[in-house]
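Here the structure is laid out as structure tokens; the discussion comes afterwards.
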Amino acid sequence: MTTLSRMPLRHSLFRCPLRRGPRDRGQISILIIGLFGVCLMLIIGGVDVTATQIARTRLLDAADAAALDAANALDEQAAYTGGLGLSVPVSTATVQAAAARTIAASPKPVGVTSWQTAAGTGSPDGRTAVVVLEGETTLPFTGGILAALGGSVTITVEGRARADLG
């Protein structure tokens, strides 16, 4: 009569299931390489998105400065015919001229390769100065690849200002 304690190990129910064969070796290195690739892409993407956001903020600061300067660009004809009222009267022509002067006199923000005033710069109501800036920015990591493919990152921002007299 055979007892459970004397049965050979190959017939036992308590066989070790964690034993691996030679075909399972090296599988973790593929996972590590894949994880490294995903982490690297996340880091590169995060740095490029952050650089674009910082360039956008700098362009927005420049648009606000140009709008503040343009809000003080008095439209003399409107002032002489209609008076001053509650705010400095401006026109699309005076806003565009003042914004162009401000942008030409200011240094380009870091990370911005080119910038200019865009369509929409002017005064919609004769009292508010609206300056629309359009700029191209460079990306620290993927900028070269993007330029080689013929693309670029264009950022458009808008600044508004009004010079109230009251």
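The values are calculated or read from the model by the stated rules, or taken from the named source; none is laboratory data. Being a predicted model, the structure only gives us computed values, none of them experimental. Cβ coordinates were reconstructed from backbone atoms using ideal geometry, including for glycine residues, and neighbour counts include every protein chain displayed.
Tell me whether segment 64-75 contains one or more residues that are part of a helix (DSSP H, G or I), over 17 Å from the mean Cα position of the chain (by Cα), surrounded by 15 or more Cβ atoms within 10 Å (Cβ to Cβ) and of a type in the set (D, E, K, R). Among the residues of segment 64-75, at least one is part of a helix (DSSP H, G or I), over 17 Å from the mean Cα position of the chain (by Cα), surrounded by 15 or more Cβ atoms within 10 Å (Cβ to Cβ) and of a type in the set (D, E, K, R), which makes the answer yes. Looking at segment 78-104 only, could you name the residues that are out of contact with any Gly (no Cβ under 6 Å at 6 or more places or on another chain), over 18 Å from Val132 (Cβ atoms) and at pLDDT 90 or above? Scanning segment 78-104 gives a single hit, Val88. Checking Val47 against (1) touching a Leu at 6+ places or on another chain (Cβ under 9 Å); (2) within 16 Å of Pro107 (Cα to Cα); (3) surrounded by fewer than 16 Cβ atoms within 10 Å (Cβ to Cβ), which test does it fail? So the condition that Val47 fails would be (2). Residues in segment 76-91 that are surrounded by fewer than 19 Cβ atoms within 10 Å (Cβ to Cβ), free of Cβ contacts under 8 Å to residues at least 60 places away in the same chain and not aromatic (Phe, Trp, Tyr): Glu76, Gln77, Ala79, Thr81, Gly82, Gly83, Ser91.
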